[in-house]
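Report on the following structure.
The values are calculated or read from the model by the stated rules, or taken from the named source; none is laboratory data. The shown structure was predicted, so the numbers you read here are calculated from the model rather than taken from an experiment. Every residue, glycine as well, gets a Cβ built from its backbone with ideal geometry; the counts of neighbours run over all protein chains shown. Side chains are part of the model used for accessible areas, which takes the heavy atoms of the whole protein and leaves out ligands, DNA and RNA. Shrake-Rupley method; radii C 1.70, N 1.55, O 1.52, S 1.80 Å.
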Amino acid sequence: MSDKPGNQENQDKEGRAGFLARLTALETIVLAGILLIALAGLMLVGKGFYMKAKAEVSQVLLKRSFEAQLQGETNVKPWPWADFSTEAEITAPRIGKTAVVLSGASGEALAFGPARLANTPAPGEPGTSVIAAHRDTHFRWLKDVKPGDLLVVTRNDGTNLTFRAGSSRIARWDQSGINANAPGRNLVLATCWPFDAAEQGPLRYIMNAELVADADPSTLAAQGESGKLPVKSF
Amino acid sequence: MLLDTENSAKRPSRMTARHIEYAIVAALAALTLVLLFVMGVFSHAVAETNDGKPQRLAGYVRPNDMGTGALLFPSKEPGSFVEAPRLATDVVIDVNGPIIRTRVTQRFQNPSKGWVEGTYVFPLPENSAVDTLKMQIGDRFIEGEIKAREEARKVYEEAKAEGKKTALLEQQRPNIFTNQVANIGPGETIVVQIEYQSSVHQSGGEFSLRFPMVVAPRYNPDPIIQTVDLDPKSGYAVNDPVPDRDKIAAPVLDPAENARINPVTLTVNLNAGFPLGTVTSPFHQTDMQTVDDMARTISLKGGSVPADKDFALSWNAIAGKTPNAGLFRETQGGKTYLLGFVTPPAGSAVTETPAKREVIFVIDNSGSMAGPSIEQARDSLALAISKLKAEDKFNVVRFDDTMEVHFPTLVQATPDKREDAIAFVRGLTADGGTEMLPALEAALRTQGPVEPGALRQVVFLTDGAIGNEAQLFEEISKNRGEARVFTVGIGSAPNTHFMTKAAEIGRGTFTLIGSEDQVAARMGELFAKLENPVMTDIAADFDGANARDITPNPMPDLYRGEPVVLTAQLDGATPAGKLQITGKTGNQPWRIEMDVAKASEGQGIAKLWARRKIDDLEANAYAVNDQAALDKQIETVALANHLVSRVTSLVAVDVTPSRPTGEPVVSTDLPLNLPEGWDFEKVFGEKPQQAMPEGERKASLERSEQQAMMVADRMAAAPTARAASVIADAGKQVDLPQTATLADRHILIGLLLLAFALMAATTFSLWRWQLRGLALEASDRV
């Protein structure tokens, strides 16, 4: 109907409102409702993608901050208001995935990268170090890690450590059975389970890995003292 | 013209339009319903997965649940354990004045056919000093020696690797210790004896002690209600953990049954030091013998062992003889150790109207608090603000890497100010870094002087995820002035070390809130303290005697009914002089003097002093830059007094074999040559139920045999060293964080909404199109 503008002087004056003005009240409400729903949908989709993008993009900044740490800079923060610092880098060479690990898996740290639980030792120290990350972002690849795969952890002090993935299991978050002080130098990677669920649940997927003492020399060659473990007084 | 025609055309079609309108409204409503339903299903699914906590498997226990002494073996279920059959328990508690010495002897059995490593857990009363560990494993006797922690662990690991019998008792936290026992042979019996020192609890003229006896929640589900527990997500079912269920006896928790299977003998030698009034044991039937007017011997009546209640004993003095002060001493190694207690006069302070309060709440809304932590913090703080009285003053400070003080100065807690502050708190979100120092400075320094007679309290809610602890401690100790700093720890893994120390330096208390459902209860306890302080500024000093160490230092504030309890080390074996204790109730000073030379003799005071000394050293750790030196200091005190501490452990070494090698071992035999000074007879020897009729005795024997079989059945097939150490500190089992974002769900719901909107828009435009068609048709007709 708007193709006949000449006949609608009063409506033309209102410009954009012209189309709306010809709708009945009910039609306006219906249209507004549709628009609102569309907007809410867009916002939700946007929010979802924003979370994913945040996870991806922050890894770039984290990577930069981690490299600065490797250069010997101390007290580097990925961005000035960050509430965490980078601590290590974990790589799964067989599937070609890598991620920068943060300190302290509390609050929002997990939105930016995998994080080591603060109440567990650093990877390579005696005990069991636990690194957790979201199943739908940073640890999306955890399901592809098979027993026997090597996992390389580079700590921010430059130490390169190789772990061999072992068994995996599923447990409730509060019944993990993980002992931070277990003998040996172990690494546990944890994420939510089931992998493709859309809701948050109580189950976790737990992948055990053990430090390989006589690791592949090529991995450790970069180190001055290759193969030497970071031994703390014990 | 067209406008007219359109209007006229609309009239005949109005009826149709109405119908379409109704249809559209109905369609919209239906779609909205469908949408809501879909979303409802989602949230419902979440709720279900959170509530559908699998029932704890029957018969399995977790170390944290243990309410009494028990020997645990790792089970087939990771993270769960089975309790070794407890064959007998004997407890002797000696009370001398304010000092308690407890000796617990327990006999267990390894029911399996393998060599195992077990962990002995025993919940201890607060501030107990553990100094003795003796064990018999099979035919070997071993006795704990105090060693530096690392050294002790090394000795243990070496002995274990060599297949020797060995045990290691370590402190995990100040009142949690674990005792690992290695190389227990098949069918062997283990006897554990521990001794610890503690002090009598006093409150409002009532003296009491408590001994842990609660049997951990452990039961066999009734076969009738047994269902296969299918996990809704994975479709996994948890196997029936007890295949031969029909053979199993009644639930272990039945007290009468428990008494038969786990006979307990308990004796209290009570020597109160004052004429005794009434002595009661609220939960157990006892036999009481009167020794003299100050002493009683109390023992459990046979079979009276409720498994769900700790043994408690309370006593008071005959009317008018309640001691409000006491002084005891022990001489050891040329030094005198003193234990003194004073109950401040209750009347005046309690009846007085509570003092006005000036409360500054500081809340951490940094990124590390994101998620449930900030919710708990918001709830706790809102609750705290709502509890303020109109005559109180308050302010709220929030901080992340920025900081904001809500009111320019302290304001009167009128209802609208409280509402205002609560709204502010409710609106906080967690983001950004943690810069605690400016907030602390704001709370301690910029809130103006304390009004005379008012109590200044700073309540600090945080997870304590900070790196500059030392700086913060310094700030508190320098600028606390009259203020008391109370810390509230939030979240699953708050930095309790920081918060405990901060509260100690700030002369307040530390409250830990681990989950949402603890908010009300824990905050309630805190409010009681915030509102009713009885005595402040307590100090003790010696006039004429050379006191080197008085603990605790500084003295904490007292709350209703609590006594001042202090220990001190004095030079020389026969000191003289006076002990003075001063304090303030409200504005009124209070002072008491006691003559040191008149102190009565007591035993174990040196150990209590050492335990408190270690606590003090730990508390002042922030002031010591050299951690190694501090550890050394603690080690020296602990080694000198044979105490288990953070840096020292008891490691048990083989003392004497009870039999010559080669002689066959029968586990039911009484041990022969007990080493001198060892007293294990009570847990061997005659069983209390020997008097029961033959049939019943047989049944009871059968039952304990079944129990043993049940345990053996559930033990891990070949418990490894690793599995054993899992229990050693399973108290520290790692909880895993939430590792699923809602991103996928957001996108999914968003797409659904978009699809819906698209559909609705199509319907809408179709309808409009139809209308236009009708209009055109009408105009054509014209």
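Remarks
- Ranked from largest to smallest solvent-accessible area, with a 1.4 Å probe on the protein heavy atoms, B:Arg378, B:Arg398, B:Arg591 come out as B:Arg591, B:Arg378, B:Arg398.
- Amide hydrogen proximity for B:Arg456: with H placed 1.01 Å from N in the peptide plane, the residues at 5 or more positions away or on another chain lying under 5 Å are B:Glu358, B:Arg484.
- 5 angstrom amide H check on B:His201, placed H, neighbours 5+ away: B:Ser208
- Label-point gap, in nm, between B:Leu751 and B:Asn587 - each point 7 angstrom along Cα→Cβ: 7.3
- When all protein chains stay in place and ligands, DNA and RNA are ignored, the 1.4 Å accessible-area order of B:Asp615, B:Asp626, largest first, is B:Asp626, B:Asp615.
- ³J(HN,Hα) computed for each position of the stretch B:503-509 - Karplus, 6.51 cos²θ - 1.76 cosθ + 1.60, integer Hz, glycine/proline x: 5, 5, 5, x, 6, x, 10
- Accessible area, probe 1.4 Å, largest first, for residues B:Thr132, B:Thr409, B:Thr574: B:Thr574, B:Thr409, B:Thr132
- Between the stretch A:73-136 and the stretch B:557-615, the alpha-carbon centres lie 50 Å apart.
- Heavy atoms of A:Asp157: accessible area, 1.4 Å probe, square angstrom to 10: 90
- A Förster radius of 56 Å, combined with the Cβ-Cβ distance separating B:Thr496 from B:Arg768, puts the computed FRET efficiency at roughly 0.30.
- Placing pseudo-labels 7 Å out from each Cα toward the beta carbon at B:Ala325 and B:Glu375 gives an inter-label distance of 5.4 nm.
- Our coupling estimate for the stretch A:137-150, obtained by passing each phi through the Karplus curve with A = 6.51, B = -1.76, C = 1.60 and θ = phi - 60°, is 10, 5, 10, 4, 8, 5, 5, 8, 6, 9, x, x, 5, 8 Hz, Gly and Pro reported as x.
- Partner chain coverage, peptide B:755-765 - average Cβ within 10 angstrom: 4
- Pairs from the list A:Lys77/B:Lys632; B:Lys147/B:Lys335; B:Lys393/B:Lys584 with a Cα-Cα gap above 32 Å: A:Lys77/B:Lys632.
- For the stretch A:51-220, averaging the sequence separation of C-alpha pairs within contact (under 8 Å, six or more residues apart) and dividing by the residue count gives a relative contact order of 20 percent.
- Label-to-label distance, nm, for residues given as B:Phe407 and B:Asp541 (7 Å Cα→Cβ offset): 3.9
- Charge context of B:Ala377, other residues only, Cβ under 14 angstrom, K/R +1, D/E -1: -3
- For the stretch B:591-599, backbone phi angles converted through the Karplus equation (6.51, -1.76, 1.60; θ = phi - 60°) give residue-by-residue couplings of 8, 9, 10, 9, 8, 4, 5, 8, 4 Hz, Gly and Pro being listed as x.
- Within the shell defined by Cβ-Cβ distances under 13 Å, the residues around B:Gln569 carry a net charge of +3, with Lys and Arg each +1 and Asp and Glu each -1.
- Per-pair calculated FRET efficiency, R0 = 22 Å: A:Ile170 and A:Asp144 via Cβ, rounded to 0.05: 0.85
- For the stretch B:356-531, the relative contact order comes to 25 percent (Cα pairs under 8 Å, sequence separation of at least 6).
- DSSP-defined antiparallel bridges as percent of all bridges, the stretch A:47-200, nearest 5: 70
- Using heavy atoms of the protein chains and a probe of 1.4 Å, the accessible area assigned to B:Tyr22 is about 150 Å².
- Cα gyration tensor, the stretch B:356-531 - rounded (a/c under 1.5), prolate or oblate: rounded
- If both residues of a DSSP beta bridge must be in the stretch B:356-531, then about 15% of such bridges are antiparallel.
- Note on B:Ala629 and B:Leu512: with the Förster distance fixed at 25 Å, the Cβ-Cβ geometry gives a FRET efficiency of about 0.25.
- In this structure, the amide hydrogen of A:Trp193, modeled 1.01 Å from its nitrogen in the peptide plane, lies closer than 5 angstrom to those of A:Leu203, A:Arg204, A:Tyr205, counting only residues at least 5 positions away or on a different chain.
- Taking all protein chains as shown and a probe of 1.4 angstrom, A:Met43 keeps an accessible surface of around 130 Å².
- Rounded to the nearest angstrom and listed largest first, the equivalent-ellipsoid semi-axes of the stretch B:534-601 from its Cα gyration tensor are 24, 12, 11.
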